[in-house]
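Q: Have a look at this one.
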């Protein structure tokens, strides 16, 4: 049985001031009229699926329940993390939940803030990945790069394609531009998407092998979870002892069972306002304009997201404007990554 | 008797979205904690004055009454224009009101949106102008230029200074940069300030001479005004027939009685956000920041005026941001003059 695991623990501060605190980006309708997490689940529609497993923080549980309920007839398993421990422990606990449904479950692990334009190509890749997972491999999707991106990590695939997958040779960190250009030219590298397919049991075995303490504590946190009608609350004591780490570091970089399924489906991770600009439809001045009432004069290549008020712009190029009830962001698009600093600064003062 | 005439009919659309409709800039505390119109009157404090005459539109009458009342013990004459007819008819009607107080009144005509840093120098100039007015001259203040401004008209003074005044040779329109540089180098040109001093009777005589129809209709509009406790409502029929014009065109460019008193007192007309930037105190990044909660990263030479929300900026240079309850302006400082187009566009759609 194929079971979706949706990771929804992120705070999404890079989309401040819209995504922030109680309303991280995965719960916002940023691209369509469905929210990002709803789109994540809807993207699998048509495949034979078990009940989805969602991992999120305590504070977002009602939003998850509400939004998943709106697009799914099946009751999801909603796992609440008492604190953030990065992706590996969250996935381990979710694998335990998946195995309660089906001990042979194949899981498709999806962050809740990705965009994929070509759903058909995506589902085809998921099927290829699932076939490899059935054979005991840990599959990562490698996004076929469309430009020499320096904002993503890469995976190197090697060998010939077999059953739709390549051997996973190695992960590499975010490169400089020259390296990224080399990677693009070689054809051997693809972007590390953060989406995975494997048997839940295989993942737990590999985690036990390479990080036995994390495996034990994650399983314990799930076994001792307090369960009510709607939510599975992981055991705070066990989960709290875990030294948090990402699935890449904890398992994928170490496993010998890694495979890469290449994905060429208009993927984007909507990690930032500039990424949102890149994937959105532009008007004749190369502007992306959302919202109630926006008047532009001599304004080009800008992303303008209005709130409840009129916005007027004059003589701007390559600027991001995001208006919300509480706050306003005006930034050069090329420096938009620094919005994290703003969000941290505001968080630190409480 | 010296009587202030304060012109407060402007809409101030160049300071949209703050100055707009019911709240044009003269009624806002843009520079100090007093509003611009209050500062205009307070700037004369210490001189022996009659009751001020204020000219404004019907819609602003209570604001004028309230704000003048807060800074003046003397009951003002508040003249309501039924429609805008530019400055010459407004001044003519105000001169009639001044002559009701004192038929030999010398009036000092002041727009309500100017800033003057050196009040002592200003009052000294007013006294010199009044002395010349007593002799039958129409005096304009020529602002000693501090840079080759292309945003102002100029007046050319000639002859020797006599009793603090020069002969007014001519008015010239807003020049190109080369011309402005010539004017600055010559020492003979100064900025046309729009502030005047003359005997009310002299002005009306000169208006009769050069524009008899306007003179007649303005006087008729005043004579047939409907007067209640607080306001003088000019007669709509007579005032409506006037072909509106500025005092410069209607009288000052034609009169042979023109004099120029030079003024070097830190004058500014606060005509635009960039002018406001120019005259405001800058921080170490050459930013002018007003308002509740503004966080800047890599931001320089910008004017940021916050409203009730947090504003964060990243990587901006030479930008104007003005946040209000209803609207937000983000503009390149060099193109800020186009804010008029925005205000007109919004007005035209109602």
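Q: Whose Cβ in chain B comes nearest the axis that rotates B onto A, and by how many Å?
A: B:330, 3
Q: At a 10 angstrom cut-off on C-beta neighbours, averaged per residue, how do the peptides A:71-84, B:31-44 rank from highest to lowest? Kindly include the intermediate steps, with their values, before the conclusion.
A: Values: A:71-84: 17.1, B:31-44: 19.3.
Highest-to-lowest ranking by the protection proxy: B:31-44, A:71-84.
Q: For a test of the definition: using alpha carbon positions, the gyration tensor, and the 1.5 limit on a/c, classify the range B:168-289 as rounded, prolate or oblate. Could the numbers behind the result be given before it?
A: Numbers: a/c = 2.74, a/b = 1.56, b/c = 1.76.
Oblate, because a/c is 1.5 or more while a/b does not exceed b/c.
Q: Nearest 10 degrees, 0 to 90: what angle lies between the long axis of helix A:177-186 and the longest principal axis of chain A (Cα atoms)?
A: 60 degrees
Q: While we're here: Hey, got the Cα dimensions of the range A:7-63 along the principal axes, in Å, largest first?
A: The principal-axis extents, from largest down, are 37, 26, 17 Å.
Q: Rg and Dmax of the range B:273-348, Cα atoms, in Å?
A: Here Rg and the maximum Cα pair distance are 12.3, 41 Å.
Q: Sticking with this one: Per q in 0.05, 0.10 Å⁻¹, report the Debye log10 I(q)/I(0) for the protein assembly as shown, using one uniform scatterer on each alpha carbon and no solvent.
A: For the requested q values the scattering log ratios are -0.40, -0.92.
Q: Take the alpha-carbon centre of the range A:282-350, take the same for the range A:73-111, and report the distance between them in whole Å.
A: Cα centroid to Cα centroid, the span is 36 Å.
Q: Report the semi-axes of the equivalent ellipsoid for the range A:233-316 in whole Å, largest first, where each axis is √(5λ) for an eigenvalue λ of the Cα gyration tensor.
A: Values: eigenvalues 360, 86, 20 Å².
After diagonalising the Cα gyration tensor, the semi-axes are 42, 21, 10 Å.
Q: Here is a further query. Between helix B:200-210 and chain B, what is the angle of the helix's C-alpha long axis to the longest principal axis, kept within 0 to 90° and rounded to the nearest 10?
A: Tilt of helix B:200-210: around 90 degrees.
Q: Continuing with the same structure: Would you kindly calculate the translational diffusion coefficient of the range B:59-201, applying Stokes-Einstein with the Kirkwood radius from alpha carbon pairs, for 37 °C and a viscosity of 0.692 mPa s, and quote it in µm² s⁻¹ without decimals?
A: 193 µm²/s
Q: Now for a separate question. What is the average number of partner chain Cβ atoms found within 10 Å of a Cβ in A:299-309?
A: The mean count of partner-chain Cβ atoms within 10 Å per residue comes to 2.
Q: Further question on the same structure: Output, in nm with one decimal and in ascending order, the distances from the residue A:124 label point to the matching label points of the other copies (7 Å from Cα along Cα-to-Cβ).
A: List, nearest first: 8.6 nm.
Q: On to the next question. Given the protein assembly as shown, what percent of its DSSP beta bridges are antiparallel, to the nearest 5? Before the final figure, lay out the partial values.
A: On the way: 58 of 140 bridges.
Bridges in the protein assembly as shown that DSSP calls antiparallel: roughly 40 percent.
Q: What FRET efficiency, computed as 1/(1 + (r/R0)^6) with R0 = 41 Å and r the Cβ-Cβ distance, is obtained for residue B:308 and residue A:169, rounded to the nearest 0.05? Could the numbers behind the result be given before it?
A: Details: r = 55 Å, r/R0 = 1.33.
Calculated transfer efficiency: 0.15.
Q: Restricting to bridges with both residues inside the range B:1-122, how much of the DSSP beta-bridge set is antiparallel, in percent to the nearest 5?
A: Numbers: 1 of 17 bridges.
So the antiparallel bridges amount to about 5 percent of the total.
Q: I'd like the Kirkwood hydrodynamic radius of chain B, using the inverse of the mean 1/r over distinct C-alpha pairs, in Å. Walk me through the intermediate numbers first.
A: Numbers: mean 1/r = 0.0475 Å⁻¹.
Across chain B, the inverse of the average 1/r is 21.1 Å.
Q: How large is log10 of I(q)/I(0) for the range B:25-114 at q = 0.17 Å⁻¹ when the intensity is taken from the Debye formula with one equal scatterer per alpha-carbon?
A: Values, matching the q order: -0.72.
Q: Quick one: order A:171, A:196, B:62 by neighbouring beta-carbon count within 10 Å, fewest to most. Don't jump to the answer; show the numbers that get you there.
A: Working: A:171 17, A:196 25, B:62 11.
Lowest to highest Cβ neighbour count: B:62, A:171, A:196.
Q: I want to check the label-to-label distance for residue B:249 and residue B:345. Put each point 7 Å from Cα in the C-beta direction and report it in nm to one decimal.
A: 2.7 nm
Q: Which of the peptides B:175-185, A:10-20 is most tightly packed, and how do the rest follow, going by the mean number of other Cβ atoms within 10 Å of each residue? Don't jump to the answer; show the numbers that get you there.
A: Working: B:175-185: 14.7, A:10-20: 22.3.
Averaged packing, sorted descending, gives the order A:10-20, B:175-185.
Q: Now for a separate question. Report, for the range A:167-320, the % of DSSP beta bridges that are antiparallel, rounded to 5. If you can, show how the numbers build up before the last one.
A: Details: 3 of 12 bridges.
Bridges in the range A:167-320 that DSSP calls antiparallel: roughly 25 percent.
Q: Counting partner chain Cβ atoms within 10 Å of every residue's Cβ in B:330-339, what's the average? Mind showing how you got there, number by number?
A: Details: counts 15, 8, 9, 2, 2, 7, 2, 1, 5, 3.
That average works out to 5.
Q: Can you give me the distance in nm between label points at residue A:325 and residue B:229, each placed 7 Å from the Cα along the Cα-to-Cβ direction?
A: Placing both labels 7 Å beyond Cα along the Cβ direction yields 4.4 nm.
Q: Just to be sure I understand the model, the point goes 7 Å from the Cα along the line to the Cβ. What's the resulting residue B:279 to residue A:102 distance in nm?
A: 7.5 nm
Q: For chain A, find the longest principal axis of its Cα atoms and tell me its angle to the long axis of helix A:61-71, 0 to 90°, nearest 10.
A: So the inclination is approximately 90 degrees.
Q: Among B:229-240, A:214-225, what's the highest-first ranking by average C-beta atoms within 10 angstrom per residue?
A: Numbers: B:229-240: 17.6, A:214-225: 20.6.
In descending order of packing, they fall as A:214-225, B:229-240.
Q: In what sequence do B:259, B:167, A:349 fall when counting other Cβ within 10 Å, fewest first? It would help to have the intermediate numbers written out before the result.
A: Numbers: B:259 27, B:167 17, A:349 7.
In order of increasing Cβ crowding within 10 Å: A:349, B:167, B:259.
Q: With a cut-off of 8 Å between alpha carbons and a minimum separation of six or more residues, what is the relative contact order of chain A in percent?
A: Details: 752 pairs, mean separation 68.2, N = 350.
Relative CO of chain A lands at 19 percent.
Q: Between the label point of residue B:49 and that of the same position in each other copy, find the distances and list them shortest first in nm, with every label point placed 7 Å from Cα along the Cα-to-C-beta direction.
A: Label-point distances to the other copies, shortest first: 7.4 nm.
Q: At a 10 Å Cβ-Cβ cut-off, how would you order A:154, B:277, fewest neighbours first?
A: Values: A:154 24, B:277 21.
Neighbour counts put them in this order, fewest first: B:277, A:154.
Q: Same structure, new question: Please report, for residue B:29, the nm distances (one decimal) from its label point, 7 Å out from Cα along the beta-carbon direction, to the equivalent points in the remaining copies, shortest first.
A: Inter-copy label distances (nm, one decimal, shortest first): 4.2.
Q: Could you work out, residue by residue across A:319-325, how many beta carbons of other chains sit within 10 Å of that residue's beta carbon, and then give the average as an integer?
A: On the way: counts 6, 2, 3, 1, 4, 2, 2.
Across A:319-325, the average partner-chain Cβ count within 10 Å equals 3.
Any read-out appearing in this document is the output of simple, stated calculations on the displayed coordinates, not a laboratory observation. Everything numeric in this text was worked out from a predicted model, so none of it was measured. Here Cβ is always computed from backbone atoms with ideal geometry, including for glycine, and neighbour counts include all displayed protein chains.
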